[in-house]
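Visitor: Sharing a structure here in structure tokens format.
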Amino acid sequence: MNVIDPGPIWPVEAHPSGGRWTLVLQRDLAHPPAKVWAALTEPGQLAQWAPYLADRDLGSTGAATLTMIDGEQAEDLPATVQRAEPPHLLVYTWGEDLLRWELTPTATGTRLVLRHTMADRAWLPKVAAGWHLCLVVAGRMLDGNPVPPIRGSEAKNHGWTELDEAYSRELGISGDEAV
């Protein structure tokens, strides 16, 4: 098994949002926004790094199905792309959650900001750890040095537990709040 070094945690924030919570995770990528946009929207690219498979290109508004993968288990979740403004803004629901991907050009590539809104504050560090690993894999794919996607319980073999603990400390969420 090729174990991925996830590196240190990234800039992260958490904000209350109308009875829910929004995780804000930031990552700089050494690729132009159009290339990052393709990784966020094209089913073939999503299959290489995301925690789900998409039944269609997410680059246009409308209904979609995102299939969560955990080993041999698969769960279809309804999604609706609410906004698609290539290559800068992608907003869609994922089950009960809302994901907002913002891409801003930088001198060296793209600043990606993910705003993931969910119901339970205790899940914020867990979700941050999961997206951290997924985005490390996405970065490797974009760099032309791909590794297999890390999904579901397999994440524990790639530093997810340590990332969860580090994001918990950074966000001030104690273990006794954990799910």
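The values are calculated or read from the model by the stated rules, or taken from the named source; none is laboratory data. For clarity, every value in this text was computed on a predicted model and none was experimentally measured. Note that each Cβ is placed from the backbone with ideal geometry, even for glycine, and that neighbours are counted across all protein chains shown.
Visitor: Tell me yes or no: at least one residue of the stretch 108-131 is charged (D, E, K, R) and within 30 Å of ALA34 (Cβ to Cβ).
Guide: Yes, the stretch 108-131 contains a residue that is charged (D, E, K, R) and within 30 Å of ALA34 (Cβ to Cβ).
Visitor: When only residues in the stretch 67-94 that are in a loop (DSSP other than H, G, I, E, B) and modelled with pLDDT under 95 count, which is nearest to LEU142 (Cα to Cα)?
Guide: Here the residue is GLY71.
Visitor: Of the residues ARG111, ARG169, ARG140, only one is in a strand (DSSP E or B) and more than 12 Å from the chain's Cα centre (by Cα); which?
Guide: The match here is ARG111.
Visitor: Which of (1) surrounded by 14 or more Cβ atoms within 10 Å (Cβ to Cβ); (2) outside any loop (DSSP other than H, G, I, E, B) is the odd one out, the single condition VAL147 does not satisfy?
Guide: The one condition VAL147 does not meet is (2).
Visitor: Okay, moving on. Which number in (1) loosely packed, with under 14 Cβ neighbours inside 10 Å; (2) within 23 Å of SER153 (Cα to Cα) marks the one condition that SER17 misses?
Guide: The failed condition is (2).
Visitor: Show the residue pairs that are 6+ apart or on different chains and have beta-carbon atoms under 7 Å apart, the first residue being within the stretch 149-168 and closer than 16 Å to VAL137 by Cβ, the second being basic (Lys, Arg) and surrounded by 14 or more Cβ atoms within 10 Å (Cβ to Cβ).
Guide: So the pair list comes out empty.
Visitor: Residue under question is LEU163, and the condition is that it be at pLDDT 95 or above, surrounded by 21 or more Cβ atoms within 10 Å (Cβ to Cβ) and either polar (S, T, N, Q) or in contact with a His (Cβ under 8 Å, 6 or more places away or on another chain) (or both); does it hold?
Guide: Spelling it out, LEU163 is indeed at pLDDT 95 or above, surrounded by 21 or more Cβ atoms within 10 Å (Cβ to Cβ) and either polar (S, T, N, Q) or in contact with a His (Cβ under 8 Å, 6 or more places away or on another chain) (or both).
Visitor: Quick check: anything in the stretch 124-135 more than 14 Å from LEU25 (Cα to Cα) and surrounded by 14 or more Cβ atoms within 10 Å (Cβ to Cβ)?
Guide: no
Visitor: So which of ALA122, ALA155 ends up being under 22 Å from GLY19 (Cα atoms), hydrophobic (A, V, I, L, M, F, W, C) and not in a strand (DSSP E or B)?
Guide: ALA122
Visitor: Of all residues being in contact with a helix residue (DSSP H, G or I) (Cβ under 9 Å, 6 or more places away or on another chain) and assigned to a strand (DSSP E or B) in the stretch 38-65, which is nearest to ARG115 (Cα to Cα)? Just the residue, please.
Guide: Going residue by residue through the stretch 38-65, those that are in contact with a helix residue (DSSP H, G or I) (Cβ under 9 Å, 6 or more places away or on another chain) are 38-40, 45-46, 48-60.
Checking which are assigned to a strand (DSSP E or B) leaves us with 52-54.
Working: TYR52: 17, LEU53: 20, ALA54: 19 Å.
Here the answer is TYR52.
Visitor: Only one of these is outside any helix (DSSP H, G or I), loosely packed, with under 13 Cβ neighbours inside 10 Å, in contact (Cβ under 8 Å) with a residue 60 or more places away in the chain and of a type outside the set (Phe, Trp, Tyr): VAL24, VAL3. Name it.
Guide: Details: VAL24 fails: loosely packed, with under 13 Cβ neighbours inside 10 Å.
None of the other options fit; the residue is VAL3.
Visitor: Can you tell me which residue in the stretch 62-94 is farthest from TYR52 (Cα to Cα), limited to those that are of a type in the set (Gly, Ala, Ser), exposed (fewer than 14 other Cβ atoms within 10 Å of the Cβ) and in contact with a strand residue (DSSP E or B) (Cβ under 8 Å, 6 or more places away or on another chain)?
Guide: Per the criteria, the residue is GLY62.
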